[in-house]
1. Measure nothing fancy, just the Cα-based angle from helix 274-285's long axis to the longest principal axis of the chain, in degrees from 0 to 90, nearest 10.
2. What longest range of the chain stays clear of loop-exposed GluC sites (Glu not before Pro) (DSSP non-H/G/I/E/B, at most 14 other C-beta within 10 angstrom)?
3. Where the centroid of each part is defined by its Cα atoms, how far is the range 213-270 from the range 102-169 in Å?
4. Contact order normalised by length for the range 128-226, with contacts defined as Cα pairs under 8 Å and 6 or more residues apart; what percent is it?
5. What is the helix-to-structure angle for 189-200, meaning the angle in degrees between its Cα long axis and the longest Cα principal axis of the chain, kept from 0 to 90 and rounded to the nearest 10?
6. Measuring from the lowest to the highest alpha carbon on each principal axis, how far does the range 170-233 reach, largest first, in angstroms?
7. Quick check: from the Cα gyration tensor, does the range 130-214 come out rounded (a/c under 1.5), prolate or oblate?
8. By how many degrees, 0 to 90 and rounded to 10, does the Cα axis of helix 58-70 deviate from the longest principal axis of the chain?
Amino acid sequence: PTSVDILGPLLKKEGFVVKTASGKKNKVLRMLHMLLTVYGNRKKTDFVLIDTYSSLNFWYAWAVALLCQRRNLKYIPILHGGDLPKRIQGSPEQSAAVFGGAHINVVPSLYLKEALEKAGYTNLKYIPNSIPLKNYEFKERRDLQPKLLWVRAFAEIYDPLLAVKTLELLLPDHPGAELCMIGPRKDDSLKACMDYVRERELPVAFPGRLEKEEWIARASDFDIFLNTTGVDNTPVSVMEAMALGLPVVSTNVGGIPYLLEAGRTGMLVPPGNAAGMAGAVNALLGSSEKAWELSLAGRRKAETFDWEVVKQEWKKLLLPGPEYPKNHQNA
């Protein structure tokens, strides 16, 4: 689910009136639905929230932003994607049209905030992604077992094969090591992982896409969380792992070093480096004290992302000011 899929229902619970678009699979129909929804609600909308990505989906944001400007609607891009700085460089005019004309740009990571400030934008507000902390039961991890968990979509930019190769390097010293990789297929990277596992007879499970409650329940059987991505911003799956008490070993790309403090709330290694990732896992397996420190510090960091905390920032941004009727809270 995108951030608006999650944010919309949460805002509704806080008393806001929220209409969303679009869940249509066809890209043309999706854009048309977005534009028609904005246009159809133009007279009763205070803010248009736009999920904004660095990939092809950037053009949805561009089209909706232009419509908002023409209809004098206040719009708020919610920025995502570790490659967004590259999008700004590659499409400077279109980026300026989207971000420069925004009422405010919400950045869920200090990494993106810094990147946009360097690009000259000042209309920025940091509001992190949130999780409902009460749904994530903390489990103490001290004496770790080599049980690895990976949760992400199987897409090339997330480098899932790196997790498999990390497990392969661990097996000679830890013959009982195992890996569970949870997530939907987005491209051929899932097949590449399954072929690699089958050819080498590695202990890797592929349960596919699971509902949030299902994978959270499974997480209690694992002791270390791997984040292997080559491009990233502030992945919710990593925040969730921290909330559950799973020590995190991650690549140090994009916004990850802003989310995880190396050696304190997570272990960071260069992207594409299976030996480095296996070494970080070995370091945790060899030190119960280090594992406990990361587990506890990760949970404390995750507490700052609790919706009960984060929602206060959204209320400050969206609640009516003196110029709005007190009972009019459309978003």
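Every number here is computed from the coordinates shown, using simple stated rules; none is lab data. All of these numbers come straight from a predicted model, not from anything done at the bench. Here the Cβ is made from the backbone with ideal geometry for all residues, glycine too, and neighbour counts use every protein chain on show.
1. 70
2. Of all site-free stretches, the longest is 1-136.
3. Comparing the Cα centres of the range 213-270 and the range 102-169, I get a distance of 7 Å.
4. Answer for the range 128-226 is 38 percent.
5. Helix 189-200 sits roughly 0 degrees off the main axis of the chain.
6. On the principal axes, the range 170-233 reaches 32, 29, 23 Å in Cα extent.
7. Oblate is the answer for the range 130-214, as a/c is 1.5 or above yet b/c matches or exceeds a/b.
8. Orientation of helix 58-70: about 20 degrees from the principal axis.
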